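Notes follow the structure.
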């Protein structure tokens, strides 16, 4: 049975897509079967997985509107070692089209159930806003991985996200929980980042992953080559950290 995780944070620019594609590549590298679902109309996770969003015949949009199954719409990213359920600008229209349909927040959950046995992990890259798309992701997930920078405003955004998760847990998905907080773009030379990191550990305890993703130029360069950093430059510090994170993730799931 696949474990389904949303990578979410209501604050933009915190590395959600970078986290999703590199965790997917890291998990694939250590032998896990992975499906990466792109729920953001910008399609960055699709492009960052070596898949051209402009050439996709079927996307997650078709799956949400029930005109295609996950098995029909997914594509294989051979370079990255995982399957991709891609997105493009068409997905922005799904927001409006889903408003009046039945079970609108459960569409993705129902679609993923059909391929449940084929994967160990399903990772969902959510848009930064709490939209119908994000809600579809949260309704089918077992948990949320929250990438965050160690700075003051990130703590403010985290409060909003925790409240959202509590509401979804109470009303729509009782399995939903925060799996862990991942510190990304971390620079230990900056005192404020160290202070916020300590605050996080004091407040959230073992919900904070041990792995820390350093600020790394190679991770930032990788998307322009259409690859996760883990594939683009496996020896870079950021890539090594993401493979460590993949191992920690597998270990944490075993204990759940």
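Bear in mind that the values in this text are calculations on the coordinates, not laboratory data. What you are looking at is a predicted structure, and each value in this text was computed from that prediction instead of being measured. Here the Cβ is made from the backbone with ideal geometry for all residues, glycine too, and neighbour counts use every protein chain on show.
Can you give the extra length, in nm with one decimal, that the chain gains between residue 221 and residue 160 once fully stretched, where that is 0.36 nm per residue apart less the Cα-Cα distance? Don't skip to the end; give the middle numbers.
Working: separation 61, 0.36 × 61 = 21.96 nm, distance 3.05 nm.
Separation in residues times 0.36 nm, less the Cα-Cα distance, equals 18.9 nm.
Using the Cβ-Cβ distance between residue 65 and residue 33 with R0 set to 25 Å, the FRET efficiency works out to roughly 0.40.
Relative to the longest principal axis of the Cα atoms of the chain, helix 191-204 runs at roughly 60 degrees.
Just to be sure I understand: of the beta bridges DSSP finds with both ends in the chain, what percent are antiparallel, rounded to 5?
Working: 3 of 27 bridges.
Given both bridge residues lie in the chain, the antiparallel proportion sits at roughly 10 percent.
Residues within the reach of a label modelled at residue 116 (point 7 angstrom out along Cα to beta-carbon, backbone nitrogen below 15 Å), restricted to the range 1-29, are 1-5. Which stretch or stretches of the range 60-77 have amide N atoms under 17 Å from the point lying 7 Å from residue 92's Cα along the Cα→Cβ direction? Within reach of a label on residue 92: 60-62. Against the chain, whose longest principal axis is taken from its Cα atoms, helix 16-29 shows a tilt of about 90°.
Could you put 132, 148, 36 in order, starting from the residue whose Cβ has the fewest other Cβ atoms within 10 Å? Could the numbers behind the result be given before it?
Numbers: 132 17, 148 24, 36 31.
Placing the least packed residue first, the sequence is 132, 148, 36.
Using the rule -39500 (n - 2.57) for each DSSP H run of four or more residues, divided by the residues of the chain, the 222 nm mean residue ellipticity is -12500 deg cm²/dmol. Relative to the longest principal axis of the chain, what angle (0 to 90°, nearest 10) does the C-alpha long axis of helix 152-171 take? Taking the Cα atoms of the chain, the angle to 152-171 is about 40 degrees.
Put in order of Cβ neighbour count within 10 Å, fewest first, the listed residues 20, 164 become 164, 20.
Taking other Cβ atoms within 10 Å as a rough exposure proxy, 166, 79, 11, 53 sort from fewest to most as 166, 79, 11, 53.
Quote to one decimal, in nm, the extra length available between residue 151 and residue 102 on full extension: 0.36 nm per residue of separation minus the C-alpha distance between them.
Numbers: separation 49, 0.36 × 49 = 17.64 nm, distance 4.05 nm.
Length difference between fully extended and current span is 13.6 nm.
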